[in-house]
Each structure stands twice: as structure tokens, then as C-alpha cells.
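Report on the following structure.
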Number of protein chains: 2
Amino acid sequence: MRDQYYEQLDQIVDELVLITDRVRTAVAAATTALLDTDIATAERVIGAETTIEQSIDEVEERALVLLATQQPVATDLRQLVSTLRMTADLQRMSALAIHVSKIARRRAPEPAVPLPAQPLIRAMAKVADSMIGSAARIVSERDLGAAADLEVEDDEMDRLRKDLFRLLLDGEWDHGIDSAIDLALLGRYYERVGDHAVNMARRVVYLVTGELPVA
Amino acid sequence: MRDQYYEQLDQIVDELVLITDRVRTAVAAATTALLDTDIATAERVIGAETTIEQSIDEVEERALVLLATQQPVATDLRQLVSTLRMTADLQRMSALAIHVSKIARRRAPEPAVPLPAQPLIRAMAKVADSMIGSAARIVSERDLGAAADLEVEDDEMDRLRKDLFRLLLDGEWDHGIDSAIDLALLGRYYERVGDHAVNMARRVVYLVTGELPVA
């Protein structure tokens, strides 16, 4: 009975890592859709939402069943509570990948990101990708050092977003208001993806230490 | 011992409602700061974040202590799990009120919202305010009918956001790219406030019925 319980706890972590990987793939695909004006890929990301939602529902259900039937305490309790927080982050990241894909789809066959903004969006997407990858590793290995690195990447993301605003507002933007709005929202979406990766890492810190790091 | 436990459970609900009211006040004040270019109010909202954060930390701590020490089942367990979800929504709404205030502060002494966009932003803020008020009532009274009404208000919010985009993109926007970007982000912030109110209502539906409503 207890063996089964620990197996279930481990399985929950494995599934969280799996879903995080799927979300990472979705965000990367959304970026491809966006920068290559690749509608098929945009549609694929949008269509895959249900699959990710289902996996999230399943892992939440498992966590709730363990909470209700095993009356866990200490680290086990924190792991289940953290799981229910992290699934909310994963759900949001998945939704943000879809927002990015929808911008790509809406502008097609025109590219949604004019040439001068492409390096910045590419850089933000790269940082977001790396942050989700770190979050997956942190969840899987409970690596608190990597959690601190994530905060550094988050600062880099903030800098990139400021650069993007500077580009839009330097008075020489001649690609129209619609693309400026798209870019402002895209900047926000990638930044939020990064924030959710940081949140996940913080949940792991809480799980291991019992203390939430100071934000 | 059990009496104290139920008292604690009730107290958690009372505090959730109290925090929701505070968040509602913060969002309303942020709107005043924005539409009246009222910097003192903007600063007040930005300064009040710590107070709201502290209340949220406290109610989470209470919920975690009950989870760890009372091994609740059924409805009580769901209430505590829902609490830990709703605090995340409240935290985000509080952050969004601050984002709105910061836009007001950044543009001052100029108004961040040019005249032609004021009615739409005012309408979005009004819907957001009403949605947070409904969320507070739903948490306090477990009123599932009101939860359904909230979804209707959410549709109204979507319509207003589309109207806002139409206004920015109709080719006659002559208030510059910077204000168009501010407005696109403001639209997103109010919409997200509404989404979090809907999330809170859904958590109450789950709490009462054991089932999450289909999104």
C-alpha cells in the first residue's frame, strides 16, 4: 500500500516533467509558426491544446486522489500542493503558446513580425525555451542551483522586452500600428512564459526547503 | 478541537472574501489613476501590493496548516485546495492592478488613455469591477447561479476588447504608437482580471459540486 503510494508520487513528478516538455515543444513550435509564417504549425499548436489540458487534468486528479486518500504530511503534502500550483503554470504557458500561434495565423500570409523585430523576438523565444527546459530539469532533479540561474534568465528576458519597446517607440517604426500592437503583446506573452517557469522553480524550492524564496 | 477546525475553515473563506474586496478596490483605484491621470492614486496602488501579498501569504499558510494537521477529506479538502488556487488568482489580479497603475504613472502628466479610447477602457474597467464583486459574492455565498452570470460578463469583456482593437486599427488612430501599445496592453490586463474572476468562480463550482465546469 505505502509502496504504491510512493510509486504514485513519483509518477506525478514524471508526468509533470512530461507535460513541461510538451509545453516547451508547443512554445517552440509557436515561435516557428510566428517567425516562418508557418500556418500548418500554428494550427498544430492550437489543435494540441486539448491534449495538454487532458494531461494536466489527469495529473491534478492523481494529486487530489492522493491528498484525499493518503493524508500525506510534510514533504509529500508539499509535493502534492506544489503539483496543483505547477499545473496552473503549465496551463497558462500552453495558453500563451496558443496566443502566439493565433497572432501568426491572423497575419498570414504576411509575417506578423517585421524584419527589424525578428532578432529580438527570436532572442526572447530562445530565453523562454531555455527557461522552460530549466524548469523541467528543476522539477525532475530538484536542483535548487538551477532555480537561482532561472532568475538570471528572467532578468535577461526583462531586458529584451525593454529593447523591444525601445525599438517600437524610437520614432522610426514604419511597420504600422497593427504590428506594433502584435509585438507588444508577443513581448508580454514570452515574458509571461518565463515568469511561469520561474514560478515552477519557486514551487520546487518550497517543496525542498518548506520556504518560498523571496520574490 | 473539531469546533476550532471548522472555525478555521470559515475564517479562511472570510479572509478570501476580504482579500478579493481589497483587490477589487485596487483595480478600481488603478482605473481612477489611469483615467484621471491621478499619480497619487497610482502610487498608492503600487505601494499597497505588499499588504495584499501578506494577506495572501497568511491565508495560504492557514490552509497549508489545516491540510497538514487536520487531514481533511471531501468538501473540506476541496475547500482548502480551492483556496490555494484562488490565492494564485488574487495575486495575479493584484499584479495586474499594479501594471495598470504603472502605465498611468509612466505617461503622467499626459493622460495614458486618449479621449476616444476612454469610454471603452471605462467600460472594460466597469465589467472587471463587477466581475470581481461577483467572484467575492460567489466565494462568500457559494452561489452557483452567479457563477454562470460571470461567464456572460466574460463574453462582454471579450467584445469590448475586440472593439478596442478595432478602434486602434481602423486607420484613423492619430495618437501615436506608444498610446496604441499602452491600450493594447491595458485591454489585455482588464481581460485577464476578468479571466481570474471567472477562475475563482469555477473553483467554487468545483468546491460545491466536486466537478470543474467545462471551460
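So the values come out like this:
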{"read-out": "Pair list, Cβ < 8 Å and 6+ apart or interchain, from segment B:152-179 residues that are crowded, with 16+ Cβ neighbours inside 10 Å to residues that are outside any helix (DSSP H, G or I) and not β-branched (Val, Ile, Thr)", "value": "B:167/B:173; B:175/B:114; B:177/A:173; B:179/B:112; B:179/B:114"}
{"read-out": "Residue satisfying condition, being part of a helix (DSSP H, G or I) and within 23 Å of residue A:11 (Cβ to Cβ), within set A:127, A:152, A:193, A:204", "value": "A:204"}
{"read-out": "Per-region count, segment B:65-106, residues farther than 22 Å from residue B:24 by Cα, surrounded by fewer than 18 Cβ atoms within 10 Å (Cβ to Cβ) and more than 9 Å from chain A (Cβ to nearest Cβ)", "value": "4"}
{"read-out": "Residues that are among the charged types (D, E, K, R) and in contact with a helix residue (DSSP H, G or I) (Cβ under 6 Å, 6 or more places away or on another chain), drawn from segment A:169-215", "value": "A:178, A:182, A:191, A:192, A:203"}
{"read-out": "Where a residue in segment A:95-113 is part of a loop (DSSP other than H, G, I, E, B) and its partner, wherever it lies, is of a type in the set (D, E, K, R), with Cβ under 9 Å and at least six apart", "value": "A:108/A:38; A:111/A:36; A:112/A:105; A:112/A:106; A:112/A:182; A:113/A:107; A:113/A:122; A:113/A:182"}
{"read-out": "Residue in segment A:181-190 that is within 11 Å of another protein chain (Cβ to nearest Cβ), within 27 Å of residue B:100 (Cα to Cα) and among the β-branched types (Val, Ile, Thr) present", "value": "yes"}
{"read-out": "Subset tally (residues that are at pLDDT 95 or above and either in contact with a Cys (Cβ under 8 Å, 6 or more places away or on another chain) or more than 9 Å from every other protein chain (Cβ to nearest Cβ) (or both)) for segment A:153-174", "value": "14"}
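The values are calculated or read from the model by the stated rules, or taken from the named source; none is laboratory data. Keep in mind the model is a prediction, meaning the values are calculated, not measured. Neighbour counts run over all protein chains shown; Cβ positions are idealised from the backbone, glycine included.
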